[in-house]
Amino acid sequence: MSAMARRTVLGVALLALCSGCASARPGWLWVPWLSGPDPNARQPNAAIRGGEPPVPSAPPARASHEPTPDPAERLYRLGLLQADPTSGLRDYRAARATFTHLLTEYPRSRWEAEARAWQATLTDLLVREDAARRALLRLQRSEAESKRAKSNLEWLKQTDIDHELRK
């Protein structure tokens with residue numbers, strides 16, 4: 001597959017992913033670079049801004065960060081965390097494995113299309129990272145060989161000069 005075709009496929013996958021994220025119900029997962037301000041963040045109490053004392057509110061009936069009952073959604077969210085470059089859990093190989101696991105365990109889940117897009121994108125990213133790593137190793141070997149050749153050339157020059165002086 002040519003580089004242009006790969007870029008086109010990657011672009012289409014990213015567009016599909018972005019459109020899927022944009023159409024998701026608001027507040028289920030806040031991604032700062034896609035969503036803007038956190039919809040679940042607490043807004044300042046209007047009474048405090050107006051100078052009135054705040055009215056105590058009843059404690060919430062249940063915690064807002066309950067685990068989701070849907071195991072496919074849990075896998076999808078884990079994959080997103082692992083793929084997030086700002087996350088402390090960033091591990092692209094693990095994210096790809098998580099999306100692959102999601103697709104094999106829950107092939108008809110509502111996360112199938114997004115998981116396939118992420119899986120393809122992460123596969124392409126990992127292939128490119130591996131190619132870049134190999135190219136860097138080749139460059140480092142080439143630089144070492146170049147230094148050796150330069151050193152040998154200097155030694156040969158010095159030997160030639162010494163030989164000429166002895167004549």
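The values are calculated or read from the model by the stated rules, or taken from the named source; none is laboratory data. Please read all numbers here as calculations on a predicted model, not as lab measurements. Glycine also receives a Cβ, built like all others from the backbone with ideal geometry; neighbour counts cover every protein chain displayed.
Figures for the structure shown
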read-out: Count of residues meeting criterion [surrounded by 11 or more Cβ atoms within 10 Å (Cβ to Cβ), charged (D, E, K, R) and either modelled with pLDDT under 90 or part of a loop (DSSP other than H, G, I, E, B) (or both)] in region 58-110; value: 5
read-out: Lone unmet requirement of (1) assigned to a helix (DSSP H, G or I); (2) under 24 Å from Glu73 (Cα atoms) for Arg148; value: (2)
